Each structure stands twice: as structure tokens, then as C-alpha cells.
Amino acid sequence: MDADGDGRVSRSEYIAYMDRGFDRMDVDGNGVLEGDELPPGAHRVTRVDHEASLAAAFARQDSNHDGFLDARELAAPPRAR
């Protein structure tokens with residue numbers, strides 16, 4: 001996740017890393033997960049919605065509100081919404 005190797009993860013690094021899963025699932029590359037790209041019962045997801053969800057998750061994990069996730073924050077259980 002730490003693309004620049006500074007020992008902490010910025011919001012943009014976090015989103016870029018987590019987008020890799022979205023990209024693998026987005027077989028047709030249209031920026032939307034739908035139909036056969038999704039597991040049964042899942043709903044359509046756009047890249048914009050996916051990244052908004054990731055940004056919100058990042059903000060919840062950034063317990064000291066410095067705009068970065070350190071090792072402790074990354075290892076912590078996900079914080080509730």
C-alpha cells in the first residue's frame with residue numbers, strides 16, 4: 001500500500017491499492033461492476049461509489065486525523081460508520 005515507502009499510507013495510496021480489486025472484477029473496463037462481474041445478489045457498483053466508500057473507510061481508520069494511516073491504524077479492526 002505504501003507506494004512511496006515513507007512508512008505511512010496516504011488516502012490516495014489506500015484508494016489506489018484497494019482499486020486493484022475493483023479493476024480485476026471490472027472485466028469490460030467500463031468503470032461499473034454489474035451483471036456477471038458481481039457475485040450473486042450483489043448490486044451494481046460504480047468506480048465513483050466504490051472510491052467514495054474507500055475514502056469514508058480511510059477517514060474512519062485515520063484515528064489521529066492526520067491524513068495518513070500508520071501501521072497501528074492499518075492493523076486496527078475496521079471502525080464502525
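The candidate values were (i) 6.1; (ii) 5.2; (iii) 10.9; the one computed from these coordinates for mean projected area of the Cα convex hull in nm² carries the label (i). Across region 9-75, the relative contact order, built from alpha-carbon pairs under 8 Å that are at least six residues apart, equals 35 percent.
Bear in mind that the values in this text are calculations on the coordinates, not laboratory data. Just so we're clear, the structure is a prediction, and the values are computed from it rather than from any experiment.
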